[in-house]
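*Asks:* The structure under discussion is supplied below as structure tokens; questions concerning it will follow.
The values are calculated or read from the model by the stated rules, or taken from the named source; none is laboratory data. Keep in mind it's a predicted model, so treat the numbers as computed, not measured. Note that we place each Cβ from the backbone using ideal geometry, even for glycine, and neighbour counts take in every protein chain shown.
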Amino acid sequence: MHPFIVLLHVSFLCLAGVGILIADHAAFNWMRGKTRTIGKKALFTAHWIVTTGLLGLIYTGLVLFWPVRDYLLTQPLFLIKMGFVAALLINSIVIEWLMHVAAYRPFKSLSMGQKAPLFLSGAISTASWAGAGLMALLQFAF
Amino acid sequence: MFSRLLLAGTFVVFALVMGAAYVTQPHSSPISVRVSPASNSTASVAISGTSGTGYTMTEVQQHNSASSCWAAINGNVYDLTNWINQHPGGQGPILSLCGTDGSAAFNGQHGGQARPASELKNFLLGPLSS
């Protein structure tokens with residue numbers, strides 16, 4: 001049971017990683033003006049892949065967490081990782097609000113005030129994925 | 001809209017599980033990890049070291065690999081082989097204890113915590129004889 005859940009957990013991480021690559025590739029092309037807008041279908045596909053990966057990671061993570069919760073709650077690295085996970089979840093909801101603009105407006109046409117939340121959300125997303133991954137690695141190593 | 005609800009719902013589940021885990025977390029108690037062999041039936045049954053009264057450090061040192069990992073902790077000897085792959089903190093910390101007296105490492109990491117002490121009891125072989 002335990003190794004299967006771990007495998008599933010890692011599989012969801014890979015799925016989220018693939019979704020992030022697709023989303024980032026489309027987003028960078030849009031920001032650099034290589035594509036005027038991002039097709040709605042492509043936008044939602046990438047978002048759903050990342051969302052499925054994230055949700056899968058969280059639910060399999062909760063299954064892994066529960067039997068050893070007393071131990072993990074005493075581990076600072078784990079608590080920091082959970083902080084990043086919470087940030088990712090909240091940011092995912094925010095991203096869904098923000099991403100629609102890419103489907104009908106070129107990046108260049110956005111004002112600085114409209115670009116700022118996109119940059120902020122992207123930065124939070126990057127920092128949280130990297131942070132959670134790093135904490136998981138450190139937790140495993142030490 | 002659906003994925004927004006799904007994400008918000010997951011956030012609530014996540015927060016509830018973490019909150020429940022925190023609330024039901026046993027308070028750290030100053031219990032000792034040491035299991036008195038005289039008062040512990042498991043230990044009494046398990047004693048089978050070559051000395052007959054427990055396990056020597058020399059015996060512990062012979063089990064210094066992932067395939068047979070014994071460690072002396074606070075006066076008792078534990079067979080941690082099956083715990084290597086289950087340790088929530090990864091294999092490294094357990095592997096580093098194989099064949100050694102891991103009292104300092106264990107107490108430094110888990111001293112005063114009820115759960116690790118209770119987990120450890122499951123792997124008790126017997127007392128460490130001098």
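*Asks:* Of A:A136, A:A102, A:A116, which residue is more than 30 Å from A:L8 (Cβ to Cβ), assigned to a helix (DSSP H, G or I), of a type outside the set (S, T, N, Q) and at pLDDT below 90?
*Replies:* Numbers: A:A136 fails: more than 30 Å from A:L8 (Cβ to Cβ); A:A116 fails: at pLDDT below 90.
That would be A:A102, the only listed residue that is more than 30 Å from A:L8 (Cβ to Cβ), assigned to a helix (DSSP H, G or I), of a type outside the set (S, T, N, Q) and at pLDDT below 90.
*Asks:* Right, another one. So, in the range A:64-93, exactly how many residues are facing another protein chain (nearest Cβ under 10 Å), β-branched (V, I, T) and touching a residue at least 24 places away in the same chain (Cβ under 8 Å)?
*Replies:* Residues that pass the stated criteria total 1.
*Asks:* Also: So which pairs qualify, if the first residue must be in the range A:39-57 and within 18 Å of B:G9 (Cα to Cα) and within 12 Å of chain B (Cβ to nearest Cβ), the second must be assigned to a helix (DSSP H, G or I) and aromatic (F, W, Y), the Cβ gap must be under 7 Å, and the two must be at least 6 apart or on different chains?
*Replies:* A:G56/A:F12; A:L57/A:F12
*Asks:* Name the single residue that is nearest to the other protein chains (Cβ to nearest Cβ) among those in the range B:107-130 being outside any helix (DSSP H, G or I) and in contact with an Asp or Glu (Cβ under 7 Å, 6 or more places away or on another chain).
*Replies:* Within the range B:107-130, the subset outside any helix (DSSP H, G or I) is B:111-113, B:122-130.
When the remaining residues are screened for being in contact with an Asp or Glu (Cβ under 7 Å, 6 or more places away or on another chain), the result is B:123, B:125.
On the way: B:F123: 15, B:L125: 22 Å.
The extreme case among them is B:F123.
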